[in-house]
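*Asks:* Before we start, here is the structure in question, set down as structure tokens.
Laboratory data are not the source of any read-out in this text; all were calculated from the coordinates shown. Just so we're clear, the structure is a prediction, and the values are computed from it rather than from any experiment. Every residue, glycine among them, receives a Cβ derived from its backbone with ideal geometry; neighbour counts consider all protein chains shown.
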Amino acid sequence: MARADTGQNTADKRFLSRAMTAPLLERDHELDLARRWRDNGDQRALHELTTAYMRLVVAIAARFRTYGLPMSDLVQEGNVGLMLAASRFEPERELRFSTYATWWIRSCVQDYILRNWSIVRTGTTAAHKSLFFNLRRLRALLHDPSDTGLSPENRTRIAVALRVEEREVEHMASRLSASDRSLNAPVGEEGDAEWQDLLPDAGPLPEDATMIAHDRATRHAWLGEALSRLSDREKMIIHERRLVEEGVTLETLGQKLGVSKERVRQIEHQALQKLRNALTRMVGDPEEAGLIPSV
């Protein structure tokens, strides 16, 4: 494992060295490379263009090292942004490629951080991103301690500055001040229990689950008994109209049976009435038992 880590560190250092020593591009040559790549698919032009701005990727990635993610991963995501910028750059706008690529590189790095900073999804809307990457800076400017809750005044100031709701500021502040905790982490000094043992079970109690299963089986048996008293055609119409997730239309059934859709409606009504009568004899009120809709 140590050898693998050493090899990775060496590879990272070589990459950073190449990135920082790649020659800078003159404006005209840069635009020429961009045109050759866009118009002719010139791979050599793309390689020279992106290699010259690897240092920009490294510089932007370095700004986000404090979020606890590997620098190599941040650089890799920044390279994705650099390639996206190269594929969308329009040389005729007379804009320097570095200016255009900066936005793409920063966006990709920030999106990666948002996806991986915590196992709890932080959010990827513009408001969430603005809060996530600016809240700490604004708290520092306001001399608001990061280990306590935001004061109402500072919460309002930050919300106005970032154009978000105050509740969103408070929620993000809570998220940033908390850390992920394993559900298998021990609780207390003895460590005999785990945090997951304290989570409430939102499901039904065992006895309730047994009763629900018994009631379901009973209703199924009642409905099966009632259906057995219908003719084959009535069973088919009830099944296709009432017992499947998306019931077919009267017209479709009419074409299948060779009758009019009005006749299908009449047969369906008669079959439902038969079911109601049969179930009434067995359970009293089939609608209250959830067995059949009103006719």
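*Asks:* Length gain on complete extension for the stretch Arg14 to Tyr100, per 0.36 nm per residue less the alpha carbon to alpha carbon distance?
*Replies:* Difference between extended and current length: 28.3 nm.
*Asks:* Pulled fully out, how much extra length does the chain show between Glu246 and Glu153, if you take 0.36 nm times their separation in residues and subtract their Cα-Cα distance?
*Replies:* Going from the current span to full extension adds 28.0 nm.
*Asks:* Taking other Cβ within 10 Å of each residue's Cβ, how do Glu207, Glu225, Glu246 sort, fewest first?
*Replies:* Glu246, Glu207, Glu225
*Asks:* Using the number of other C-beta atoms within 10 angstrom as an exposure proxy, rank Tyr112, Tyr53 with the fewest first.
*Replies:* So the residues, fewest neighbours to most, are Tyr112, Tyr53.
*Asks:* For Ser228 and Leu257 in one chain, what is 0.36 nm times their gap in residues minus the Cα-Cα distance, to one decimal in nm?
*Replies:* Stretched out fully, the Ser228 to Leu257 stretch lengthens by 8.4 nm.
*Asks:* Listing Glu268, Glu92, Glu77, Glu245 from the residue with the fewest other Cβ atoms within 10 Å to the one with the most, what is the order?
*Replies:* Glu245, Glu92, Glu268, Glu77
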